[in-house]
Structures are given as structure tokens and as C-alpha cells.
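Visitor: Sharing a structure here in C-alpha cells format.
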Number of protein chains: 2
Amino acid sequence: MFELDVRSRKPIYEQLVERLKELIITEVLTADEQLPSVRTLAQQLTINPNTIQKAYRELESQGYIYSIKGKGSFVSAATPNLNSEKIEKVKNELSKLLSEAIYLGITKNELFKLIQEIEAAIGGGIEDDQNP
Amino acid sequence: MFELDVRSRKPIYEQLVERLKELIITEVLTADEQLPSVRTLAQQLTINPNTIQKAYRELESQGYIYSIKGKGSFVSAATPNLNSEKIEKVKNELSKLLSEAIYLGITKNELFKLIQEIEAAIGGGIEDDQNP
DNA sequence: TGTAGTGTACTATGATTCCTAGTACAGTTA
DNA sequence: TAACTGTACTAGGAATCATAGTACACTACA
């Protein structure tokens, strides 16, 4: 479920945040589902519990999960913090990346197709579950 | 022309790479145009020449500029290294960011519009010169 | 030719970040 | 009570970032 690259220059906790976001967005992890405890996940991944906690703290601050002392950490329902500041930030990053993509020769049609695929994957993640 | 945030957790040389890429992609800096020397730019920005060189080295490895010992550093003509590996990498990053954008409530239409705007900003300069 | 400018390659040092290890405390649940 | 949970510290090693300084090879120009 988690593939971490310890040698990567990208910090482990950031890899964790990315991966968990992905699982939440694609609804592999559903609302109010309990996440592994920091100690359990740390043991599974053979990394330090503090690193897990750092990732969970980041995800909580971004609204993707919530934690209850003594109980555990859980996936937030539906939408995370919908502050316009965050949306602007994502749009800004998106602009840079899209500019580079177009400069590299990726066509508009390819980008449109990519968006369609992603939307299908997010909206249709459940139906595909029990397909042959 | 360059706005650096020394306090940011994003390294200065990465900020430089991003900003220069942006200027090259939007053709504010045109092909074969000479960039400021590492020492000059370092003095202007009040940072170390080594930091500038690191950014230039990165840009050269990505094909955006080329350097000639004794002469200077220059903007590469047209397309950078078009290896499929790099394109795949960009597409992959794009997928993650697009997923997050959609999850945050940004609509497909907004994304399409964004792409149109970017393409207009990039491609507009050339096509207006002379039409086939 | 000499000189000033260019890119490039080192070493060394301090600051910061990442990750680990260990300990401790507060809350929940069976 | 006992075993789990999140959370908050301290301390240390390793890596990265940016700085400072020095040096060398090359180019352009007076």
C-alpha cells in the first residue's frame, strides 16, 4: 500500500502525505475510516513513529484527516479546508506545471484527456471495485 | 526581475531555476540571449556566486540554457531535452496536482480555461509574427 | 600581449532540515 | 487495570543549503 523510497531526496513524511492524499482522493480510504496508528504504521514501514506523526499532523492541518487523542486518526468526510488561499496556491503550481508541459510538447488534447481520465478515476473509483 | 525569498524552505537555487524557466518559456528571455554572469547576478541578488552556478548547472542539464567557458551562459533555442522520461515525470506530477485541484472543487471548465490562457500566453508571441 | 571578464571546480564552515531514539503524559477502550 | 491511542518533548547523527575563499582555463578586446 505504501511504497517509500528512503534514498529519495524527497523527505519520507512528504512521500507519506502525498500517498495518503492520493488514497483519500481516490476514495480507496473512505470518510471516517480509521488509519493505522502511528506506532503500527511505523513498525510496518520500518521507520520512526515521529515521522508518521509528522505526516499525520500535516494531513490534519490540510484537512484531509482528523485525530482524536486516545482513539486514533481518521479520514475526514468529503471536502478538506476549502480556503481560497489553498486553491490559489494549487492553481499557481498548476500554471507553472502546465506551462512546462506545453513547452515540452504535450498538446492541449493530451491535457484534456488527462483531466477526463482523472475525473473518471475519482468519480468512478467505487464502481470499478468488483469488476473482472 | 527576480524575486527571491531567502526565508522560504524552498532552496534559493530552486527558486532561481523556476523563475528562469518561467522567463524562458514565456519568451521574456529569447533564444541565444545572454544571461547575466554568475558573478554579476550574485552581486545583484546579494547571494553567493556558487548558488547561481548551481541553478545554471541545473538549467543546463535540463536543456534550457547552455554555457560556454569564457563567454557566458545563453538561452537554448526552442525545445529543451525532449526525452520521454522527463515528459512522463511532468505528466505524473501533473496528475497528482490535477487530482488535488478537482478534489478541492476546481471544475473541469476552470482547468480547460486555465490551459487555454497558458497556451495563449506562450504561443501567442510566435504565431502573431507571421502566419503560414 | 596583457587584462578583464567568463564558466568551472575545488575546500571548508555554519545553519538548517530530516530522521532516529528515547522518554513521558493524557485520553480511550475493553 | 491494562493496553492501546495521540501528542510533546529532548538529544544526536546525517544530509543539504548557502556562504566564503581560492584557483584554473577560456574568451574578448584594447
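Visitor: Among all residue pairs at least 6 apart or on different chains, which show Cβ distances below 8 Å where the first residue, located in the range A:53-68, is among the charged types (D, E, K, R) and the second is part of a strand (DSSP E or B)?
Guide: A:Glu60/A:Tyr66; A:Glu60/A:Ser67; A:Glu60/A:Ser73
Visitor: Condition first: within 11 Å of DNA strand C (Cβ to nearest atom) and of a type outside the set (Gly, Ala, Ser). Can you find one or more residues in the range A:82-89 that meet it?
Guide: No - not one qualifying residue is present in the range A:82-89.
Visitor: Restricting to the range A:41-90, count the residues that are within 14 Å of chain B (Cβ to nearest Cβ), part of a helix (DSSP H, G or I) and modelled with pLDDT under 95.
Guide: Within the range A:41-90, residues that are within 14 Å of chain B (Cβ to nearest Cβ), part of a helix (DSSP H, G or I) and modelled with pLDDT under 95 number 7.
Visitor: Scan the range B:5-34 residue by residue and report those that are among the hydrophobic types (A, V, I, L, M, F, W, C) and surrounded by 16 or more Cβ atoms within 10 Å (Cβ to Cβ).
Guide: Within the range B:5-34, B:Ile12, B:Leu16, B:Val17, B:Leu20, B:Leu23, B:Ile24, B:Ile25, B:Leu29 meet the criteria.
Visitor: Follow-up question, since we're still on this one. Can you name every residue in the range B:32-54 that is charged (D, E, K, R) and within 10 Å of DNA strand D (Cβ to nearest atom)?
Guide: Listed by number, the residues that qualify are B:Arg39, B:Lys54.
Visitor: Pull up the range B:35-63, narrow it to residues that are under 23 Å from B:Leu4 (Cβ atoms) and more than 13 Å from DNA strand C (Cβ to nearest atom), then point me to the one that is surrounded by the most Cβ atoms within 10 Å (Cβ to Cβ).
Guide: The selected residue is B:Leu45.
Visitor: Collect the residues in the range A:73-100 that are surrounded by fewer than 15 Cβ atoms within 10 Å (Cβ to Cβ) and over 17 Å from the mean Cα position of the chain (by Cα), keeping them in residue-number order.
Guide: Result: A:Asn83, A:Ser84, A:Glu85, A:Glu88, A:Asn92.
Visitor: Moving on. For the range A:97-120, name all the residues that are over 22 Å from A:Glu22 (Cα atoms), at the interface with chain B (Cβ under 7 Å from one of its Cβ atoms) and part of a helix (DSSP H, G or I). Steps first, please.
Guide: So in the range A:97-120, the residues over 22 Å from A:Glu22 (Cα atoms) come out as A:99-100, A:102-109.
Cutting the leftovers down to at the interface with chain B (Cβ under 7 Å from one of its Cβ atoms) gives us A:99-100, A:102-106, A:108.
The answer is A:Ser99, A:Glu100, A:Ile102, A:Tyr103, A:Lys108.
Visitor: Same structure, new question: Here's a check for you: in the range B:7-34, which residue that is in contact (Cβ under 8 Å) with a residue 24 or more places away in the chain and within 12 Å of DNA strand C (Cβ to nearest atom) is farthest from the other protein chains (Cβ to nearest Cβ)?
Guide: B:Gln34
The values are calculated or read from the model by the stated rules, or taken from the named source; none is laboratory data. Everything numeric in this text was worked out from a predicted model, so none of it was measured. No Cβ is skipped: glycine too gets one built from the backbone with ideal geometry, and neighbour counts run over all protein chains shown.
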